[in-house]
Amino acid sequence: MRRVAILSVLSFCVALLALALVPIDPVGSAQGQETGAGGRLVFAEDITAQWCVHCPSVSDALLDLSNIRDDFRFVCLIDDMVQEAADRNEEYNPAGYPTVVFDGGYENQVGGVSSTDPYDEKIDACHAREDVPDLSVDVTCLFTGDATLLISVDVANNDGSDYTGSLKVYVVEEVSRFLDYDGYNYPHGLLGFAMDDEISISPGEVHSGSAQWNGGDHSSIGGEDFSDIDAENIVIYAVVFNSRTNVNYYPGIPPKPYTAHYSDAVGEAFPVETSGIPDVEITSPRDGADVEEEVEIRAEVTSEASMEIVEVKLGSGEWEEMDLAADHYSYTADISGYPNGDLRISVRATDEYGLVGIASITVQVDNEDFLQGPGIGPLTHSPGSPTADDIITVYAPIEEYDTTVTSVELTYCLDGTCNVPMTMTNEGGGIYSIEIGPFHEGVEVSCSVVVYDDQGNTVTSSDHVFTVLPGAGGVPDDDETETSDTTSVSENGVSIPLIIGIITVAVIMLVAVYIFTRSREKY
């Protein structure tokens, strides 16, 4: 027994020694190359409240520091004034008020410190982080009046590996409407988040997002809305936080833990005021004009912003880019293949902020040599609810215009497998039909019709789909097999569960014999 005890103690000591030799990377230690001013921006979040006696000195120190160095940005999260600020504070599980977290919690400073020195040191430590992903953030913000901000963000992954994280867009008043404990306006007070999205970006790719934020839709905890925001007093911060979870600690006895997702990139924007969406006018052709063969479409676009793209669409066709001339946009369209009658022309202008203006006209197409081909109405089938016993008749209504129909063919597919086209019969009155089936119950039947005319035109119908229901007798499925016993069997036909049962019983019996034999030896 003594030897066993000694060996146990030795084993325990060896285990402790092994643990002591394992290198530990302390949480919150410097992880990166130094970027310094002009490089990556550090982002600081000041956890504060109006009732907090020592909080004013902290926000004042951060404001003073921002006037000295331009390599960080900060926001005041006023806990008792804005619910979204309170929710963000709760995520950090603060040790008390005030608390400042830097780069999503990589560094922290607890307590009311009026000197800028501790914050200087924290910002420098964040700049010294290693292995920070190479991201860039481009932000634009448009103020359209009525307290409305249109915000767009592009996050580019310039790194060599995939990036996952979250994008938070802070809407901030530079001089806050909320007063601190000393009765002065908070600097950089959060009003709310315009975006809070999970993002995933491949190397060399860009994540693009946009949002509309209206001050009238947001309010303080006391019920005061923000419909009176001043565009010149607003700043937008777009911050990208890494998805990797880190557990850091606030100083104290005992230290208090919090979850940190480090900030990897920051972008900022100041709202640009605009009168609204681009104004689009189609100057040629005029609304209601007769057009034929080829038509030049001209449009004038008026906007305070630069145009990203101006496009034209004929009828239900695709949008095509227009060319910029001296004072207008133009596009030459070949309409010789369009049917005679009404044709809607639309022009769409998109500015640099994503605002879109659209104008439309209707012209009359009059192509002398145009021959309109046949048309196909919706397909039908009879009986309406076919079963596995039924022969099914499919009907196609065909309308002839300027040409003559030469043949009508039906193709049907069963669960995605299609047969060869079958010629339909002209029943008279423009109705063509054909019989198909019977089919297995549960099978999905998809039918389409192609019409050929004497001018070489072809017209295809939309798909007509139905499912075959069970019949009285039913057509058995091809893969149906007679099986009533689903018990697994081995290759020699013996039941596998039976084999397992026999082995289990044998093992139990062997254990019982062993115990019985040992007990006899003991006595």
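Would any residue of segment 387-405 have its amide N under 13 Å from a label point 7 Å out along Cα→Cβ of Asp454? List them or say none.
Under 13 Å, as judged by backbone N against the label point of Asp454, lie 401-405 of segment 387-405.
Grab the other residues whose beta carbon is less than 9 angstrom from that of Gly209, score K and R as +1, D and E as -1, and report the net. Before the final figure, lay out each step's value.
Numbers: positive: none; negative: Asp154, Asp197.
Spelling it out: positives minus negatives among the neighbours equals -2.
Using a 10 Å cut-off around each Cβ, can you sort Leu469, Leu324 from fewest to most neighbouring Cβ atoms?
In increasing order of surrounding Cβ atoms, one gets Leu324, Leu469.
Identify the trypsin sites (Lys or Arg not before Pro) of segment 153-261 meeting these criteria: DSSP loop state and at most 13 other C-beta atoms within 10 Å of the C-beta. Please report the intermediate quantities before stating the final value.
On the way: sites: Lys168, Arg177, Arg244; in loops: Arg244.
Here the sparse-neighbourhood loop sites are Arg244.
Fully extended, how many nm does the chain gain between Asp182 and Ser382 (0.36 nm per residue separation, minus their Cα-Cα distance)?
63.7 nm
Looking at segment 278-362, which trypsin sites (Lys or Arg not before Pro) are in a loop (DSSP not H, G, I, E or B) and have at most 16 other Cβ atoms within 10 Å?
Arg286
Only loop residues by DSSP count here, and only those with at most 10 other Cβ atoms within 10 Å; note down the GluC sites (Glu not before Pro) in segment 63-144 that meet that. Numbers along the way, then the final one.
Working: sites: Glu84, Glu90, Glu91, Glu107, Glu121, Glu130; in loops: Glu130.
In loop regions of segment 63-144 (DSSP not H, G, I, E or B), the sparsely surrounded GluC sites (Glu not before Pro) are Glu130.
Would you please give the residues with an amide H less than 5 Å from that of Thr406, counting only those at least 5 places away or on a separate chain, with H modeled from the backbone geometry?
Residues meeting the criterion, in which the H sits 1.01 Å from N, are Tyr452, Asp453, Asp454.
With a ≥ b ≥ c the root eigenvalues of the C-alpha gyration tensor of segment 42-272, is it rounded (a/c under 1.5), prolate (a/b larger than b/c) or oblate?
The shape class here is oblate.
Could you give me the ³J(HN,Hα) list for segment 43-53, computed from phi with Karplus coefficients 6.51, -1.76, 1.60 and θ = phi - 60°, whole Hz, x at Gly and Pro?
10, 10, 10, 8, 7, 9, 7, 5, 7, 7, 5
Let me make sure I get this right: for segment 175-255, a, b and c are the square roots of the gyration tensor eigenvalues over alpha carbons, sorted descending. Under 1.5 in a/c it's rounded, otherwise prolate if a/b > b/c, else oblate. Which is it? Provide the component values of the computation, followed by the final result.
Numbers: a/c = 2.50, a/b = 1.18, b/c = 2.13.
Because a/c hits 1.5 or more and a/b fails to exceed b/c, segment 175-255 counts as oblate.
What does the extension gain come out to for Ile503 and Glu294, with contour length at 0.36 nm per residue minus their alpha carbon separation?
66.5 nm
Work out, step by step, the length gained on full extension between Glu444 and Glu224: first 0.36 nm times the residue separation, then minus their alpha carbon distance; give nm to one decimal.
In short, 73.4 nm is gained.
Less than 17 Å from a label point 7 Å out along the Cα-to-Cβ axis of Gln212: which backbone N atoms in segment 141-182 qualify, by residue?
Residues 141-153 qualify, since their backbone N sits under 17 Å from the label point.
Give the distance, in whole Å, between the Cα centre of segment 369-441 and the Cα centre of segment 180-207.
59
With Cβ to Cβ distances under 12 Å as the rule, what net charge do the other residues near Val449 carry (K, R +1; D, E -1)?
Taking every other residue near Val449 into account, the sum is -2.
Mind giving me the nanometre distance, one decimal, between the label points for Asp287 and Asp138, set 7 Å out from Cα along Cα→Cβ?
Calculated label separation equals 3.7 nm.
Can you give me the orientation-averaged projected area of the convex hull built on the Cα atoms of segment 279-365, in nm²?
On the way: hull surface 20.8 nm².
Average of the hull's projected areas for segment 279-365 equals 5.2 nm².
Return the sequence-ordered ³J(HN,Hα) values of segment 434-441 in whole Hz as given by the Karplus equation 6.51 cos²θ - 1.76 cosθ + 1.60 applied to θ = phi - 60°, using x for Gly and Pro.
Once θ is set to phi - 60°, the couplings for segment 434-441 become 6, 9, 9, x, x, 10, 5, 5 Hz.
Efficiency by 1/(1 + (r/R0)^6): what FRET value for Val356 and Asn419, r their Cβ-Cβ distance, R0 = 41 Å, to the nearest 0.05?
E between Val356 and Asn419, to the nearest 0.05, is 0.35.
Along the Cα-to-C-beta direction of Asp154, a point sits 7 Å from the Cα; which residues of segment 333-357 have their amide N less than 13 Å from that point?
Only 352-354 fall inside the zone, counting backbone N under 13 Å.
Let a ≥ b ≥ c be the square roots of the eigenvalues of the Cα gyration tensor of segment 112-174; is it rounded (a/c under 1.5), or, if not, prolate (a/b larger than b/c) or oblate?
The shape class here is oblate.
The numbers here are math on the coordinates, done by the rules we state, and not lab data. Keep in mind that what you see is a predicted model, and the values were worked out from it rather than measured. As a convention, Cβ positions derive from the backbone with ideal geometry for all residues, glycine included, and neighbour counts pool all protein chains shown.
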